[in-house]
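Values quoted throughout were computed directly from the atomic coordinates according to the rules given, and no laboratory measurement underlies them. These figures come from a predicted structure and were not determined experimentally. Reconstructed Cβ throughout: ideal geometry from the backbone, glycine too, with neighbour counts over all protein chains shown.
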């Protein structure tokens, strides 16, 4: 399993999501999206709907189909988590590559105004994916590479990152 590539996909998706959310007004939400990879081709799929819940439901149905048709895919949506009795805005991700047991799930906390990323990306199910703990450093290096190759986010990354 290519831990570095999985990290790159997560890093690029994190960077792309951050670059989108940074441009939104406080009352706007990012449209959930997926990026599929088949051979050398990449496709961006936006899941637009009347409500965020409908968009997420559409996405979940489609992601199951991507497992049959794509070599890899990534997914992102906005959400909230409860952290120490307060709600925290997060960017939520899934990353899947052929050979994984299940899609990697992760989130990145952020504040919207001004836009800042809070802490590091949090992976929720590393072991369940079939990835090896011994390759964690390679995976993390891949995340950084994925951020670095995003054409917009790389220039803003240091400003977006926040000290906890």
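Before moving on, here are some points about what is shown:
- Taking every alpha-carbon pair under 8 Å whose residues sit at least 6 apart, the stretch 62-128 reaches a relative contact order of 23 percent.
- The stretch 42-95, relative contact order in percent, only Cα pairs under 8 angstrom and at least six apart counted: 24 percent
- Potential lengthening of the chain between residue 111 and residue 161 amounts to 17.0 nm, from the contour at 0.36 nm per residue minus the alpha-carbon distance.
- Paired Rg and Dmax values of the stretch 3-162, which use every Cα atom, in angstrom: 15.0, 45
- Peptides ranked, highest mean first, by Cβ atoms within 10 Å: ranges 38-48, 83-93, 11-21: 11-21, 83-93, 38-48
- Protection proxy ranking, peptides 155-161, 139-145, 99-105, average beta carbon neighbours within 10 Å, highest first: 139-145, 99-105, 155-161
- Only Cα pairs under 8 Å and 6+ residues apart enter the sum, and on that basis the relative contact order of the chain stands at 30 percent.
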